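Visitor: Input: one structure, supplied below.
The values are calculated or read from the model by the stated rules, or taken from the named source; none is laboratory data. Quick caveat: nothing in here was measured; it's all calculated off a predicted structure. Cβ atoms come from the backbone with ideal geometry, glycine included; neighbour counts cover every protein chain shown.
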Amino acid sequence: MPAPETVDGKLLNKIDMPKVSDQITTEGMWVTDDTFVKADVYKIVGYPLDGGSPKWTIPLAGEICWSSAHLNEDGLTTILFQEAKPSKADKYPSCTEVGLFDLNNGKMLWQKHVGAGDDKLRFDEVTLGGGTVAAGGTSGGAAWSLDGKLLWKPQDGEDCSDDGYAGGSDKLVAVRRCGQYDNPQIQVQTLNPKNGKIKSSYKVSPGLDYVHVLSTDPLIVGLDAGDSTGAAVSDFLTIDDSGKVGKVVSKISTEGGKYIAECESTNVEGCKMAVVSKSADALFMGSEERSGSSSGTVNEVIAFSLKTGKAIGKTDGVEGAALTPLGLDKDGYVTAYQEATYDAGGAVWRIDPKSYKKDKLLQNQVAGREMESKFSAKYNEVIYANQRLYMSDKYATKPSGSYDKDDPLAAIFGAGG
């Protein structure tokens, strides 16, 4: 494929931070062919691709608890949210409501919960995979078909519960916890998404409290063996789930922070800064940043073989700024974000997953660097799509001083405007 022309990017638009009295979760950002969608305070809002006035708004009963990053070919995604807004009687409403959303048309198709005696089941996260919406948590898991039919829920007397699920185009994987709370046996199970029956199961080594799923196809899980320097993952395992018993194919180590991937401590999904290419049979992570590298590259993006776990390729970074893998584009290239610096705007690169050659897709102007530097690939939501860079905050926060009074909820960078 020929090298792309680099887009000259500028700040196209921003979404103002909602006025809140404290902090409210606004996790969730998606881009369709014609709409930029951002989770907001008690609502989901769709905008033109360049931002501007909203095209549509979907109100929610309460605060968002979790938003799935998966968006299927029909523009559907799923969100977990609270049953109500806080009130004097109930300051902390529960995360019980699961919704299926059509982002192409700006509609919530359905809203469901699961009864648990006189109460409702609480969930921690939700995903979409294999045509099934699945929500899991410490109280167990439940799932629905896309037309809203309940497929399964926790059974009385069960010794096991589904911490959470990982989705994707046609697969659904559960992280199941069994036995004693302080000494659990955790299994990673590939399920039939239509009925929840176990197709393959891998038993995680004892002593590990949480498991993260980076990819379902191929199946790659992240574990924290205690030397992950706070990123909640020290090793990635590639698992062959073609048989009833899952088998480890390879182990990729972050080597105590030498390679950077970010998984939130207790979540099944949501790992960032690590990208899997099935076509190249490889996992991509950035190396740790070198200090005092003003005259040289700050880091590299390293490719690891999923067959052997060994490093098989390297893409040199850039001078003055770290390069962080974001995801895959529609052609299968790895996209990576280059941070803005004090004298330059950020940039987006594409990396050939087999030759490791990089080409610059977007170079933002220095005029927008102050706005751009309010976001990071590590802590915020970042998507490159349709030759635009979308960046947003997972929380609406009350400003604490003059330095953050103009912080936006989201910003869009690209050509035109």
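Visitor: Among the residues of the stretch 328-361, what is the count of those that are under 22 Å from the mean Cα position of the chain (by Cα), assigned to a strand (DSSP E or B) and either on the phi > 0 side of the Ramachandran plot or basic (Lys, Arg) (or both)?
Guide: Going through the stretch 328-361 one residue at a time, the tally reaches 1.
Visitor: Among Val233, Val245, which is over 22 Å from Pro154 (Cβ atoms) and under 17 Å from the mean Cα position of the chain (by Cα)?
Guide: Val233
Visitor: Filter the stretch 387-411 down to residues that are within 21 Å of the chain's Cα centre (by Cα) and assigned to a loop (DSSP other than H, G, I, E, B) and give me whichever is farthest from Gln23 (Cα to Cα).
Guide: Gln387
Visitor: Then there is this: Just name the residue that is surrounded by the fewest Cβ atoms within 10 Å (Cβ to Cβ) out of those in the stretch 1-48 that are part of a strand (DSSP E or B), touching a Ser or Thr at 6+ places or on another chain (Cβ under 6 Å) and among the small types (Gly, Ala, Ser).
Guide: Across the stretch 1-48, the extreme among qualifying residues is Gly46.
Visitor: While we're here: Sort out which residues of the stretch 356-373 are crowded, with 21+ Cβ neighbours inside 10 Å and within 23 Å of Lys405 (Cα to Cα), and write them in order of number.
Guide: Selection gives Glu372 alone.
Visitor: Within the stretch 201-279, which strands (runs of 3 or more DSSP E) (wholly inside it) include 2 or more residues that are of a type in the set (A, V, I, L, M) and over 26 Å from Ala336 (Cα atoms)?
Guide: By residue number, 247-253.
Visitor: Are there any pairs with C-beta distances below 6 angstrom linking a residue in the stretch 103-117 that is under 16 Å from Leu128 (Cβ atoms) and part of a strand (DSSP E or B) to a residue that is modelled with pLDDT of 95 or more and not small (Gly, Ala, Ser), with the two at least 6 apart or on different chains, and if so which?
Guide: Short answer, once both residue conditions are applied: Met108/Ile58; Met108/Phe101; Leu109/Leu100; Leu109/Asp102; Trp110/Leu100; Gln111/Glu97; Lys112/Val98; Lys112/Trp144.
Visitor: Provide a single number: the residues in the stretch 131-159 that are in a strand (DSSP E or B), of a type in the set (Gly, Ala, Ser) and in contact (Cβ under 8 Å) with a residue 60 or more places away in the chain.
Guide: 1
Visitor: Return the residue satisfying two criteria in turn: it lies in the stretch 278-318 and is surrounded by fewer than 20 Cβ atoms within 10 Å (Cβ to Cβ) and of a type in the set (Ser, Thr, Tyr), and of such residues it is modelled with the lowest pLDDT.
Guide: My answer is Ser293.
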